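The values are calculated or read from the model by the stated rules, or taken from the named source; none is laboratory data. Just so we're clear, the structure is a prediction, and the values are computed from it rather than from any experiment. Heads up, the Cβs are rebuilt from the backbone with ideal geometry, glycines too, and the neighbour counts pull from every protein chain shown.
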Amino acid sequence: MMAAVHYAKALEEDGTFGVGARDAWKLAGDEMRRFSVREIPTTWDVPIRLGMREAELARAKRLAEELEGLMPGRFKALEERKRSDLTAEQKAALDVPQMERTDDQHRMAMSAIQATQVDWLMVVREAPDDVRVRAKELLRQWKEAVETAEIIDRYRSIVNFDVWRATCEAEITEPALRAREATWRAEQDFRDAKLQPAKQAYEEAFAAWREVFDASPILQADDITKYEMTDMVKGYRKVLDQLDEPFPIPFILQDMLN
């Protein structure tokens, strides 16, 4: 997978865009999908597939809905009962906006939040006799789904799975292809001292990157992507300095720079 990603990046660094770049990124996406369904052993002795986290979360949600249908209203009732057991000080602390709480109120609010947390394990403990057996089986499946999703999430973080998948998905889109090509033109024009074309190319790139990030919150939040954008903006600033022009405010990618 990473060999395919590096190949696609190398093509664009050499100035290959359009169909050639899209095909290279499509190959990387295909390798990503193959990687995502490979069975991976874990230290929990539970084999996982990195691409199955969303399916496990969906399974957990479905099982929670079955539990709710089996014991309607009991989850909410337990939450309300726990809230009613809070002290007056805890209730008062929760009513204060978080940014306005004193240290003591923060501690009281945290203790209140912890005291009112409810999960299906607590609810099933109080299940009526006539549904207890079925409730315990649904609970077992729900715990299995939740825990498997958590394990997958930990293993995903090791290989930065979410970012690489989002990258492969984004790079085959028209905005990303335009952004890469415009960035390459901007850097070439700047090296050749073509300042106005370089400025225009940078601004085309930033507009295209805006489309990419708006469509991909994962890339928008990724630190490596932000560093890449920061380096690009440094090149743009150099162009503006030589043209004796101000940096635009507001800037189209200001949230990335922040």
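Of all residues in region 110-122, at least one satisfies being touching a residue at least 24 places away in the same chain (Cβ under 8 Å), exposed (fewer than 14 other Cβ atoms within 10 Å of the Cβ), in a helix (DSSP H, G or I) and over 28 Å from the mean Cα position of the chain (by Cα). When ALA176, ALA170, ALA207, ALA201 are checked against the criterion of being among the small types (Gly, Ala, Ser) and in contact with a Leu (Cβ under 9 Å, 6 or more places away or on another chain), ALA170 stands alone in meeting it.
For region 232-258, a tally of residues being modelled with pLDDT under 95, outside any loop (DSSP other than H, G, I, E, B) and out of contact with any helix residue (DSSP H, G or I) (no Cβ under 9 Å at 6 or more places or on another chain) returns 1. Tell me whether region 224-234 contains one or more residues that are surrounded by fewer than 20 Cβ atoms within 10 Å (Cβ to Cβ), under 30 Å from ILE48 (Cα atoms) and either small (Gly, Ala, Ser) or touching a Cys at 6+ places or on another chain (Cβ under 8 Å) (or both). Scanning region 224-234, I find no residue that is surrounded by fewer than 20 Cβ atoms within 10 Å (Cβ to Cβ), under 30 Å from ILE48 (Cα atoms) and either small (Gly, Ala, Ser) or touching a Cys at 6+ places or on another chain (Cβ under 8 Å) (or both), so the answer is no.
On inspection, ALA215 fails the criterion of being among the aliphatic types (A, V, I, L, M), buried (at least 18 other Cβ atoms within 10 Å of the Cβ) and in contact (Cβ under 8 Å) with a residue 12 or more places away in the chain. Once region 16-44 is narrowed to residues that are of a type in the set (Ser, Thr, Tyr) and either touching a residue at least 24 places away in the same chain (Cβ under 8 Å) or over 30 Å from ARG185 (Cβ atoms) (or both), the residue that is surrounded by the most Cβ atoms within 10 Å (Cβ to Cβ) is SER36.
None of ARG180, ARG101 is in contact with a helix residue (DSSP H, G or I) (Cβ under 7 Å, 6 or more places away or on another chain), among the charged types (D, E, K, R) and surrounded by 20 or more Cβ atoms within 10 Å (Cβ to Cβ) except ARG180.
Given the structure, is LEU257 surrounded by fewer than 18 Cβ atoms within 10 Å (Cβ to Cβ) and of a type in the set (A, V, I, L, M)? Yes, satisfied. Of all residues in region 47-65, those satisfying the criterion of being exposed (fewer than 15 other Cβ atoms within 10 Å of the Cβ) and farther than 24 Å from VAL163 by Cα are LYS61, ARG62, GLU65.
Within region 137-173, track down each residue that is over 22 Å from GLU68 (Cα atoms), surrounded by 15 or more Cβ atoms within 10 Å (Cβ to Cβ) and of a type in the set (Val, Ile, Thr). Result: ILE151, ILE152, VAL163, THR167, ILE172, THR173. Return yes when GLU12 is among the acidic types (Asp, Glu), in contact with a Ser or Thr (Cβ under 7 Å, 6 or more places away or on another chain) and assigned to a helix (DSSP H, G or I) and no when it is not. Against the criterion (among the acidic types (Asp, Glu), in contact with a Ser or Thr (Cβ under 7 Å, 6 or more places away or on another chain) and assigned to a helix (DSSP H, G or I)), GLU12 does not qualify.
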